[in-house]
1. Filter region 164-206 down to the residues that are farther than 22 Å from ASP248 by Cα and hydrophobic (A, V, I, L, M, F, W, C) and list them by number.
2. Which of the following residues is touching a Phe, Trp or Tyr at 6+ places or on another chain (Cβ under 8 Å) and closer than 28 Å to LEU11 by Cβ: GLY190, GLY101?
3. Which of (1) hydrophobic (A, V, I, L, M, F, W, C); (2) in a helix (DSSP H, G or I); (3) modelled with pLDDT under 95; (4) more than 17 Å from ALA279 (Cβ to Cβ) does ILE106 not meet, given it meets every other one?
4. Do we have any residue at all in region 224-231 that's over 23 Å from the mean Cα position of the chain (by Cα), under 28 Å from VAL278 (Cα atoms) and either modelled with pLDDT under 85 or surrounded by 13 or more Cβ atoms within 10 Å (Cβ to Cβ) (or both)?
5. Please go through region 290-308 and pick out each residue that is touching a helix residue (DSSP H, G or I) at 6+ places or on another chain (Cβ under 6 Å) and modelled with pLDDT of 85 or more.
6. Can you tell me which residues in region 378-393 are out of contact with any Ser or Thr (no Cβ under 6 Å at 6 or more places or on another chain), modelled with pLDDT of 90 or more and either part of a loop (DSSP other than H, G, I, E, B) or surrounded by 22 or more Cβ atoms within 10 Å (Cβ to Cβ) (or both)?
7. Which members of region 135-191 meet the condition of being among the hydroxyl-bearing types (Ser, Thr, Tyr) and in a helix (DSSP H, G or I)?
8. Name every residue in region 109-125 that is at pLDDT 90 or above, in a helix (DSSP H, G or I) and either over 20 Å from THR367 (Cβ atoms) or out of contact with any Leu (no Cβ under 9 Å at 6 or more places or on another chain) (or both), in order of residue number.
Amino acid sequence: MDIISSYSVLLIGMAAVFGFFMAWGIGANDVANAMGTSVGSKALTIKQAILIAMIFEFAGAYLAGGEVTSTIRKGIIDSAYFVDQPELLVFGMISALLAAGFWLLIASYLGWPVSTTHSIIGAIVGFSAVGVSMESVQWMKVGGVVGSWVVTPAISGFIAYLIFMSAQKLIFDRSNPLAMAKRYVPYYMGLAGFVLSLVTIKKGLKHVGLNLGSIEGYLWALGIAVLVFVIGKMAIGRLKFNPSDDKDMHYTNVEKVFAILMVVTACAMAFAHGSNDVANAIGPLAAVVSVVTSGGDIGSKATLAWWVLPLGAVGIVAGLAMLGKRVIATIGNGITHLTPSRGFAAELAAASTVVLASGTGLPISTTQTLVGAVLGVGMARGIAALNLGVVRNIVISWVVTLPAGAIMSIIFFYILKAIFGVA
């Protein structure tokens, strides 16, 4: 207790700096989930993507990042083990933020799309299991996280495959692709409106205090889908294309329609991502602030200090601006060749998987969801369409993420204990 009261300002200051560093890592690595496909398919330039993502990620993180956040992220560790020595929880959360931030910096520099959620979970598991007690970790929940490495990409890949193949059969393989696009694209727009509004309702608005019930949420999403369908049908009906153009020109015009669609899906995904994943940085930070300001009392919930959310939001934007383009290049260009229609299929599949996961309580990584969706689109064109070397590196980086976060967190935890003279 003496350490917490004697060094309260220093501990909060360290947590704030490392929390910002972790948020920076989220921006550098995870924002590619929303924008990678748009850049890869040439719907947006890298500068446009970064600018749009900065606006929507910041809005999601700041406006919908959560009034109250769980002290112990995802319930991975049991706080009862820290009641007698709350300073160990403070040291651990500071170590976890620094470790996860470092791993995200390394992965982003190498262009590896890893899971920021798994980075912080690995770091928290590491310090708690080795530094406190093996029993302090909820190992069943960790097992669920590991299981999601296979389940999540498989689900999103399958959905992306179905969406892409339906577009091929209904539009691109027909003799008059432009006329078919005018008929069927509004349905894709309506589906996108439905899924993206559900993502926003489930992942964003609940943090603002708009707790819509399940039926209410689905009704709102359905209403938005119908509205988007009607507006889309009117807008596409007004597009004037030269009927004498050759088939290649028709394909190009259809892809232009999908490009507009994909930019909209990317914006919604960026908002949902900002609102959801900023918690990976501010959750441990909020835990430290809560424990220190309460004089060592560990609660199950931590009310956010006013400065925590903006710190996380600014950190995400800074990381994206400074190092985001490396991972964007991997997802957009490295895995398979993307066109706007393929990118749209991947984005919509990723969003659909997020909705499914939040409805079933499946632990999910937005990174693995999108990579799986891009793989699904590539597989629709045959295994030769995939860059298997890049895919191999991505899978290895996923497996390494949990232990890498854990090992660094353990090292930093013991360094902090030594600095503050805790036995």
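1. MET189, LEU191, ALA192, PHE194, VAL195, LEU196, LEU198, VAL199, ILE201, LEU205 - these are the residues of region 164-206 that are farther than 22 Å from ASP248 by Cα and hydrophobic (A, V, I, L, M, F, W, C).
2. One residue alone meets the criteria, GLY101.
3. Tallying (1) hydrophobic (A, V, I, L, M, F, W, C); (2) in a helix (DSSP H, G or I); (3) modelled with pLDDT under 95; (4) more than 17 Å from ALA279 (Cβ to Cβ), ILE106 fails exactly one: (3).
4. Yes: one or more hits.
5. Once the filter is applied, which keeps residues that are touching a helix residue (DSSP H, G or I) at 6+ places or on another chain (Cβ under 6 Å) and modelled with pLDDT of 85 or more, region 290-308 yields VAL291, VAL292, VAL308.
6. Result: ASN387, single match.
7. Across region 135-191, the qualifying residues are SER136, SER148, THR152, SER156, TYR161, SER166, TYR184, TYR187, TYR188.
8. Within region 109-125, LEU110, ILE124 meet the criteria.
The values are calculated or read from the model by the stated rules, or taken from the named source; none is laboratory data. All values derive from a computational prediction rather than experimental measurement. Cβ sites come from the backbone with ideal geometry, for glycine too, and all protein chains shown count toward neighbours.
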